[in-house]
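Asks: First the structure, then my questions, so here it is.
Any read-out appearing in this document is the output of simple, stated calculations on the displayed coordinates, not a laboratory observation. Just so it is clear, the model here is predicted, and its values are computed rather than measured. Methodologically, a virtual Cβ is constructed for each residue, glycine included, from the backbone with ideal geometry; neighbour enumeration extends over all protein chains shown.
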Amino acid sequence: MKKTTLALMQSAQAATKNIAHLLFVGSCLAWGASAAYADSGTGARVPLLPKYTQECAACHLAYPAGFLPAASWQRVMAGLGKHYGTDASLDEASVREISTWLKANAATYKRVSEEPPQDRITKSAWFLQKHREGEVPATVWKRASVGSAANCAACHTQAAAGSYSEREIRIPK
């Protein structure tokens, strides 16, 4: 009888260890998935459309499509003749191709789906919350090495690759 009880206790201990191990591994996987989600700040990374990179990144960082909702991207693309003070006009085929890609990959989740003032990423509620005064002093935006809040690559060292992980932030002096 004692052998049976001992065997049952050992079996229960082994099962408990297995469950604890599974819970630990599951927690690590869940953390890893959330960390991967956080890398872009907007969900899974979407490969950039070559035409979008060619045309838009010629002047500024090719911002991830998920940084703005579709309606904002639509207005941005419709106003390329006066693109934030610059003529960024494109041929119709390019506008159509880029607009279609932006719409398909625009923000759809609640955190980013609201249309920011003037369709500016830097005026969106999620951007302002992520860069609030306690974390990013207003003086940072005025540094010559940063220039403005729109210069993501100044601090987000992997922004051009679509990664906005907090582990990759280096605020320049």
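Asks: If we count every other residue with Cβ under 14 angstrom of Gly85's Cβ, Lys/Arg +1 and Asp/Glu -1, where does the sum land?
Replies: Values: positive: Lys82, Arg120; negative: Asp87, Asp119.
It works out to a net charge of 0.
Asks: I need the calculated FRET efficiency for the pair Ala144 and Arg170, taking r as the beta carbon distance and R₀ as 25 Å, to the nearest 0.05.
Replies: 0.95
Asks: So, one more: Charges at C-beta only: +1 for Lys and Arg, -1 for Asp and Glu. How large is the resulting dipole of the range 50-168 about its Cα centre, in Debye rounded to 20?
Replies: I would put it at about 280 debye.
Asks: Which residues in the range 124-139 have a backbone N closer than 19 Å to a point placed 7 Å from the Cα of Arg111 along the Cα-to-Cβ line?
Replies: What the label zone holds, given the 19 Å backbone N cut-off, is 124-136.
Asks: Also, I was wondering about something else. Which order, highest average first, do 131-141, 47-57 follow once you tally other Cβ atoms within 10 Å for each residue and take the mean per peptide?
Replies: Highest to lowest by the protection proxy: 47-57, 131-141.
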